[in-house]
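The values are calculated or read from the model by the stated rules, or taken from the named source; none is laboratory data. These numbers come from a predicted model, not from an experiment. Glycine gets a Cβ as well: all are built from the backbone with ideal geometry, and neighbour counts include every protein chain shown.
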Amino acid sequence: MPSDSDTFLLGGDLEVGRLGFGAMRITGDGIWGAPADPAGCRELLRRIVQDGVTLIDTADSYGPEVSEDLIAEALWPYPENLVIATKGGLERPGPNVWQRNCRPDRLRRCCESSLKRLKLERIDLYQLHAVDPKVPIEDSIGALAELQDEGKVRHIGVSNVSLEDLERAQQIVPIVSVQNRYNVVDRASEDVLEECASQQLAFLPWAPIASGRDVARHGRAVDEIARGHGATPRQVALAWLLAHSPVILPIPGTSSIPHFEENLEAVQLELEPDELDALDELAPPAS
């Protein structure tokens, strides 16, 4: 279970454990349709809460709708300390196909539908899933600000954004979190992370565990460090994220209880300074 000291105050008023759970993988192949074992996924979600995880991240596009439905089926009525974050802005015409549609009227429908599926009166953290090149980000964020004013959204976050996107969004409404791709061998969003750290915004890295192929291409440090600790490469990758910045809230996802328990143990893994230095050197600085 995450320790009381390893927490983050999301939006200034929601205390969550820094290791959360990403609920994308509790769906079918291609993040499409129902999972092969829905009952097993519901049991996984219950185990997550029982083991002290207090942040679950999902999206209406996961399934689509499947992930949100399973969360409600498994966990409603929710524990008081559980924060459910969801996202809107992507359309799913088929497996592994993601299309951006962030028109204000559609985002409103997305949010209101998520409220119904999750059986919530207010979503603690509602995130713009991506920036739509056909829609000014000010218009998309403006729609979320209206939902916040109406009491349907508590806090607003953004995902898949550049530093400029974040700055433009912040001109419209306070932003409390950013969710970008980031891991030990992919740090293209380092500038965004640094800005989040300076403002104490939560940074939720998606794909927090790099693929084995990516790690192999960048060196063997992860495997070597894992062997030295009697840990797994997944645990080392997560431990590095937790050590790299206090605003990072990793949200690894899985449909497997053993994989979830393996991920959770990463909270207790303490890497040595020289190990952190070696991992820091795996990825070149973002250009």
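Per-structure values
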{"quantity": "Residue pairs meeting the criteria (Cβ under 6 Å; at least 6 apart or on separate chains; first under 17 Å from P79 (Cβ atoms) and of a type in the set (S, T, N, Q), in the range 1-17; second at pLDDT 95 or above and surrounded by 12 or more Cβ atoms within 10 Å (Cβ to Cβ))", "calculated": "T7/E15; T7/G17"}
{"quantity": "In the range 124-154, the residues that are within 15 Å of the chain's Cα centre (by Cα) and closer than 27 Å to N81 by Cβ", "calculated": "D124, L125, Y126, Q127, L128, H129"}
{"quantity": "Given (1) buried (at least 17 other Cβ atoms within 10 Å of the Cβ); (2) in contact with a helix residue (DSSP H, G or I) (Cβ under 9 Å, 6 or more places away or on another chain); (3) among the aromatic types (F, W, Y); (4) farther than 27 Å from P136 by Cβ, index of the condition Y62 fails", "calculated": "(4)"}
{"quantity": "Flag if H259 is modelled with pLDDT of 95 or more, closer than 27 Å to A39 by Cβ and surrounded by fewer than 19 Cβ atoms within 10 Å (Cβ to Cβ)", "calculated": "yes"}
{"quantity": "Within the range 16-44, tally of residues that are surrounded by fewer than 23 Cβ atoms within 10 Å (Cβ to Cβ) and either among the acidic types (D, E) or in a helix (DSSP H, G or I) (or both)", "calculated": "11"}
{"quantity": "All positions within the range 237-259 that are farther than 22 Å from L201 by Cα, in contact with an Asp or Glu (Cβ under 8 Å, 6 or more places away or on another chain) and part of a helix (DSSP H, G or I)", "calculated": "I257"}
{"quantity": "Some residue of the range 66-81 being part of a helix (DSSP H, G or I), touching a Lys or Arg at 6+ places or on another chain (Cβ under 7 Å) and either closer than 22 Å to P208 by Cα or of a type in the set (V, I, T) (or both)", "calculated": "yes"}
{"quantity": "Residue within the range 184-192 that is closer than 22 Å to T254 by Cα and buried (at least 22 other Cβ atoms within 10 Å of the Cβ) present", "calculated": "yes"}
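Results for (1) over 17 Å from the mean Cα position of the chain (by Cα); (2) modelled with pLDDT under 95; (3) surrounded by 24 or more Cβ atoms within 10 Å (Cβ to Cβ), shown as yes or no for each residue.
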{"residue": "Q200", "(1), (2), (3)": "no, no, no"}
{"residue": "F203", "(1), (2), (3)": "no, no, yes"}
{"residue": "D223", "(1), (2), (3)": "yes, yes, no"}
{"residue": "L238", "(1), (2), (3)": "no, no, yes"}
{"residue": "V247", "(1), (2), (3)": "no, no, no"}
